[in-house]
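Student: Please see the structure below; I have some questions.
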Amino acid sequence: MHQDVPEKILLKPVTESEQAFQVPSMLGDRFREFSNSSPVIGFFKLCLDPFMVVATLYALAIPFEISLDGVEFLFGVLAFLLTAILLDGVFLFVPGYSRPWLGLGRFTLEWGCVLLSLFLIGQVSGFSAYMYPPYYLTWAVVAPLVLIFIHILFRQFVLHPAQDHIKKVLIIGANKPGQLLAKNIQQQSFLKMEFLGFFEDREVSRLDGIKSEEIIGDLNDFSKYICENPVHQIYITLPMTAQPRVMELLDHLKDSTASIYFIPDLFVFDLINARFDNVAGLPVVAICESPFLGFNGLVKRITDVVLSLIILMLIWPVLLAVAVAVKLTSAGPIFFKQKRYGEDGQSVLVYKFRSMTVMEDGDQVVQAKKNDSRLTPIGGFIRKTSLDELPQFINVLQGKMSIVGPRPHANAHNEQYRKLIKGYMIRHKVKPGITGWAQVNGFRGETDTLEKMQGRIFYDLDYLRNWSVWLDLKIIWRTATGMFRDKNAF
């Protein structure tokens, strides 16, 4: 049986919208705070590590008297891409973070994954035979030391706050967006901002999470305060329904030199990859969008292709053995092909090793059950161990699926559950996956109750909100290590 479905899933199959803007507490999210607050810093970090890794490689060629030919160029390209993909953690020694050694530990793990990936690619492709071991081993040790040194310099000269450039900030409205902004300002010293307090008409007793000393006064006291005190930036976080009051505030602020910003209250929406953008010169807010746009989409696709090629090269004997076993143990084709919803709800043909005596792909599809009479002699085994899913790596190379993503359901089940579960179709904003966040959290196999399907959708949408390369690798690892222990697979 499935694990018990959390109560929050039964009551609401998608997470509350405020979780999308929750202040990150884990070390791996600190760089995302940088990126959100300063796109320049985010872009600089994105390019800095891969560039320094390759620069170190080519610089070491001089003392080792290595001529930079095709092998070194190919190695440099792979090192650049893998560093950009896998070293997505943080600037080490982030200001405001009290445990930098955790950052070093994560950095060491990430760098180890880069080296392991380069080694596996070299072994599979055969180009490692043309490499000079002392040269590359030296680079493997020197490159991370160079990165640590560069990160220390970056913290000292870029992120370190200068007291004479601190901006004094007021927030009008102590609602959730205002509280979150204040918390971010107080926790992130590199923003070089000082939070002075809130102006709010409501009583403190009605404000959850607000201390009385944080309230400077009500909105009637606002004009007097900014005339008597130095204020550099003012953030208005009142609800969008309070437009008349906002316009009144703006009239009072025309006599002030402070910069004025309006933060719309987006917590009224269920947010998936929320972001600001512009279309044809007009500002827009993305409420629900795929996380795999732009560079993220490129990273996701490169990761899928590289890992799929490596996995297929390693498991082709297993593919051959399963294909022969399927053909010898039951009448029918080796592969089972079924139409399922892909990205943006487009129909895709998904491949599996046939594990049943039926080939259902119509309006009525019955899910597999424990001790299902339709299973072939080896059907139960290949389903339990997920061997029947291996042909889907071909779907990944075709660009129709990803290694990690929401598992595709039969079209008949999609049409059934989209009417019953709010937000069900949002999972189709991305390509379906061979494995997914829901499957490694106990929601694999038969969904014989609405609550179980709600649980699966809960984790699918949670994956869209929190995607990272490391989350993908975590899911792949948990899938591989749990192949023979999943009680829900049959």
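Student: Past 28 Å, Cα to Cα, is the threshold; run 183/431; 183/300; 176/452; 327/400 against it and keep the listed order.
Tutor: Working: 183/431 35 Å; 183/300 32 Å; 176/452 31 Å; 327/400 26 Å.
As for pairs spanning more than 28 Å Cα to Cα, those are 183/431; 183/300; 176/452.
Student: With viscosity set to 1.567 mPa s and temperature to 4 °C, compute the Stokes-Einstein D of region 301-460, Rh being the Kirkwood radius across alpha carbon pairs; µm²/s, no decimals. Walk me through the numbers on the way to the answer.
Tutor: Values: Rh = 16.2 Å.
Translational D for this selection: 80 µm²/s.
Student: Ok, one more. Whose amide H sits under 5 Å from the amide H of residue 197, counting only residues 5 or more places off or on another chain, with H placed in the peptide plane?
Tutor: HN-HN under 5 Å from residue 197: 171.
Student: Here's another thing I want to ask about it. Would you kindly work out the equivalent ellipsoid of region 272-347 from its C-alpha gyration tensor and give its semi-axes, the square roots of five times the eigenvalues, largest first in whole Å?
Tutor: 41, 18, 7
Student: Any chance you could look up the accessible area of residue 256 with a 1.4 Å probe, heavy atoms only, rounded to 10 Å²?
Tutor: Here the residue's solvent-accessible area equals roughly 40 Å².
Student: Still on this structure, please answer the following. Whenever you get a sec, line up 151, 165, 413 from highest to lowest accessible area (probe 1.4 Å, protein heavy atoms). Provide the component values of the computation, followed by the final result.
Tutor: Numbers: 151 0, 165 115, 413 25 Å².
Listed by decreasing accessible area, they come as 165, 413, 151.
Student: Expected output is a single nm value to one decimal: the length gained when fully extending between residue 146 and residue 58, i.e. 0.36 nm times separation in residues minus the C-alpha distance. What is it? Please report the intermediate quantities before stating the final value.
Tutor: On the way: separation 88, 0.36 × 88 = 31.68 nm, distance 1.33 nm.
Length gained, residue 146 through residue 58: 30.3 nm.
Student: Just by accessible area at a 1.4 angstrom probe, what is the order of 170, 81, 328, 191 from largest to smallest? Spell out each step's value before the answer.
Tutor: Numbers: 170 0, 81 65, 328 140, 191 45 Å².
From most exposed to least exposed: 328, 81, 191, 170.
Student: Additional query: What are the principal axis extents of the Cα atoms in region 199-347, in Å, biggest first?
Tutor: 86, 39, 27
Student: Ratio of region 375-446's C-alpha Rg to 2.2 N^0.38 Å, to two decimals? Write down the numbers at each step before the final one.
Tutor: Working: Rg = 13.3 Å, N = 72, 2.2 N^0.38 = 11.2 Å.
Dividing the Cα Rg of region 375-446 by 2.2 N^0.38 Å gives 1.19.
The values are calculated or read from the model by the stated rules, or taken from the named source; none is laboratory data. Given the structure is predicted, the values throughout are model-derived calculations rather than measurements. These accessible areas exclude ligands, DNA and RNA; they are computed on the full protein's heavy atoms, side chains included. Shrake-Rupley method; radii C 1.70, N 1.55, O 1.52, S 1.80 Å.
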